[in-house]
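Read the figures in this text as sums done on the coordinates, not as results from a lab. Predicted, not measured: the structure shown is a model, and the values here were computed from it. Cβ coordinates were reconstructed from backbone atoms using ideal geometry, including for glycine residues, and neighbour counts include every protein chain displayed.
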Amino acid sequence: MTPDLSGCSPADVPARTGVVIVGGGPSGLLLSQLLHLAGIANVVLERRSRAYVLSRIRAGVLEQGAVDLLRRAGVGARMDREGLVHDGVEISFHDRRLRIDLADLTEGKTVMVYGQTEVTADLYEARDAMGGTVLHEAEHVQLHDLEGGRPFVTFRLGERYHRIECDFVAGCDGFHGVSRRSIPADRLRLFEMVYPFGWLGLLADVPPVHDELVYAGHERGFALCSMRSRTRSRYYVQCPLDEKVEDWSDDRFWTELVSRLPADIAGRLVTGPSIEKSIAPLRSFVAEPMRFGRLFLAGDAAHIVPPTGAKGLNLAASDIHYLSEALTAHYRRGDDSGLAAYSDRALARVWKAERFSWWMTTTLHAFPDRGAFAARMQEAEFDYLASSRAARQALAENYVGLPY
Ligand code: APR
Ligand code: PHB
């Protein structure tokens, strides 16, 4: 197969660069863009083709911090034109409904509904426009001498092997990437919780059922009504882990979704043929520390949150903010304090988002064999939210995103 070099001939593979970025998802591309703007040479190595990366459907809610960072990176124009600003979110529990007025509870903060796929497309376009080096279908990426002074990365493009020497490696290659696995096991501490269910997602060109997102807790299982635009909707239902997507006809999906939504919302649902359907497992995961010598982990390579609350991409953005600032201080001023502090700074924010995502997941999902006590705890959580502004405020400040 011919590798997709996206504008680069193999001759463009430099022998040396400042930062090798492993992974061309949102973390890697955003870092590449910010470093380029700061005048720091970098190369992105992506295992998949560009078309494959752009076909992945992920969450679609951006915190204010992520929105600001994307603007600073020069990739905010289409987001500002096409993204939907939401100043509230709906939570339902069985047939009860509660609106969380994000703006009122957080002194005017909001979120931007704009798909991760679009963020990634905008980042690729910006990298192309600036002549960034993004090498796709880079196979067998290996990281070397990470603790020494002269790290280098080897990989294969088509039939040719390459070696790039660098100052630093950024591990932005997601949960299944090579970067975290390049750190000796005795130098990492892993924390993990796997949930006993998954999310079945469906994308369809139908108008959203509601003008805000609806997170629905129900005894049949959790459901989420989200959107990509005023004409494209994204819906999810909690499903058992052993379920196969082939077993879910569109009709079965719509029927299940309706059964979990409050009656007035369900009554307005417009259904239509699915464009995409997929099942994703839910996991909480953190690797500590996020640094090994000259390797810095960022995004899904270092941590995973369950999607309830849409923190995945937002955490990637805050990691990249800290890492790009630290690398810029190193190159501009010889100041390594940001690099020394990177892991602790990033993890302090990561753990709070882990807590929030775990709490939203635990509060709104049906746990098999959970017992009557846990069910009452969920009811009490919802009652508390409904009756206490302080409780709603805690939810809102986390949902719009804690400060960087
Ligand atoms: N070599 C090169 N690239 C790799 C390798 C490898 N060995 N392994 C994985 N990759 C690439 C993947 O193909 C993918 O494109 O790294 C990229 C990682 O991208 P993401 O998984 O999207 O992770 P990240 O960029 O950190 O984005 C975080 O994406 O997964 C969601 O929920 C997550 O929203 C969050 C965001
Ligand atoms: C999505 O639009 O895909 C989405 C939105 C909010 C979430 C998770 C996913 O919490």
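A few comments on the model shown:
- Spacing of the two label points (7 Å from each Cα toward its C-beta) at His144 and Ser337, in nm: 3.6 nm
- Considering all C-alpha pairs of the range 1-133, those separated by over 26 Å amount to 34%.
- Acute angle (nearest 10 degrees) that the helix 26-37 long axis makes with the longest principal axis of the chain, alpha-carbon atoms: 50 degrees
- Candidates Tyr404, Tyr384, Ser274 compared by Cα position along the dipole of the chain: farthest toward the positive end lies Tyr404, with charges placed on Cβ.
- The sum of -39500 (n - 2.57) across all DSSP H runs of n ≥ 4, divided by the residue count of the chain, sets its helix-only mean residue ellipticity at 222 nm to -11000 deg cm²/dmol.
- Using θ = phi - 60° in the Karplus curve 6.51 cos²θ - 1.76 cosθ + 1.60, the 3J(HN,Hα) couplings for the range 14-23 round to x, 7, 8, 8, x, 10, 8, 10, 8, x Hz; x is entered for Gly and Pro.
- Remark: the range 393-404, residue by residue, has Karplus-estimated 3J(HN,Hα) of 5, 4, 4, 4, 5, 6, 5, 6, x, 6, x, 7 Hz, where x stands for each Gly or Pro and the curve is 6.51 cos²θ - 1.76 cosθ + 1.60 at θ = phi - 60°.
- Relative to the current alpha-carbon distance between Glu276 and Ala329, full extension at 0.36 nm per residue lengthens the span by 14.8 nm.
- In degrees, nearest ten, helix 337-364 long axis to first principal axis of the chain (Cα): 20 degrees
- Among the trypsin sites (Lys or Arg not before Pro) in the range 234-300, those located in a DSSP loop and surrounded by at most 15 other Cβ atoms within 10 Å of their own Cβ are Lys244, Arg268.
- Exposure proxy ranking, count of Cβ atoms within 10 Å, fewest first, for His162, His218, His321: His162, His218, His321
- When only Cα pairs below 8 angstrom with a gap of at least 6 residues are kept, the range 46-126 shows a relative contact order of 41 percent.
- Dimensionless Rg ratio for the range 172-286, taking C-alpha atoms and the 2.2 N^0.38 Å reference: 1.29
- As a proxy for reagent exposure, Leu202, Leu347 were ordered by neighbouring Cβ count within 10 angstrom, fewest first; the result is Leu347, Leu202.
- Beta bridge orientation in the range 7-163: antiparallel %, DSSP, nearest 5: 75 percent
- Across the chain, the relative contact order, built from alpha-carbon pairs under 8 Å that are at least six residues apart, equals 20 percent.
- Rounded to 10°, Cα long-axis angle of helix 312-333 versus longest principal axis of the chain: 30 degrees
- The length gained by stretching the chain between Arg163 and Tyr52 to full extension, at 0.36 nm per residue less their Cα-Cα distance, is 37.5 nm.
- Charge tally in the Cβ shell below 11 Å around Glu165, where Lys, Arg are +1 and Asp, Glu are -1, Glu165 excluded: +1
- For GluC sites (Glu not before Pro), the sites in the range 154-260 that DSSP calls loop and that have at most 11 other Cβ atoms within 10 Å are Glu159, Glu219.
- In straight-distance terms, cross-link reach from Lys352 covers every one of the lysines whose alpha-carbon lies under 23 Å from its own, apart from those fewer than eight places away in the same chain; here that gives Lys109, Lys311.
- Trypsin sites (Lys or Arg not before Pro) within the range 337-373, DSSP loop, no more than 13 other Cβ atoms inside 10 Å: none
- Less than 5 angstrom separates the built amide H of Leu297 from those of Gly171, Arg291, Phe292, all sequence-distant by 5 or more or on a different chain.
- Sum of side-chain charges, Ala366 neighbourhood, beta-carbon under 10 Å (Lys, Arg +1; Asp, Glu -1): +2
- Here r is the Cβ-Cβ distance between Asp80 and Ala391 and R0 is 35 Å; the resulting FRET efficiency, rounded to 0.05, is 0.60.
- Each residue of the range 223-231 is assigned a 3J(HN,Hα), and the resulting list reads 9, 9, 9, 10, 7, 10, 6, 6, 10 Hz, derived from the Karplus form 6.51 cos²θ - 1.76 cosθ + 1.60 (θ = phi - 60°), x at Gly and Pro.
- Inter-probe distance in nm under a simple model that places probes 7 Å from Cα toward Cβ, at Met193 and Glu243: 2.2 nm
- Ordering of 54-66, 388-400 by burial proxy (mean other Cβ atoms within 10 Å per residue, highest first): 54-66, 388-400
- Gly174 long-range amide H proximity, modeled H, under 5 Å: Asp300, Ala301
- Where labels lie 7 Å past Cα in the beta-carbon direction, separation of Asp344 and Thr154 in nm: 3.7 nm
- Fraction of antiparallel bridges per DSSP, the chain only, in percent to nearest 5: 75 percent
- Calculated FRET efficiency for the pair Arg355/Arg376, C-beta based, R₀ 30 Å, to 0.05: 0.90
- The range 35-62 versus the range 154-222: alpha-carbon centroid distance in Å: 13 Å
- As an equivalent ellipsoid, the chain spans semi-axes of 38, 22, 20 angstrom, where each value is the square root of five times an eigenvalue of the C-alpha gyration tensor, largest first.
- Within the shell of other residues whose beta carbon sits under 12 angstrom from the beta carbon of Val206, the net charge comes to +3, with Lys and Arg scored +1 and Asp and Glu -1.
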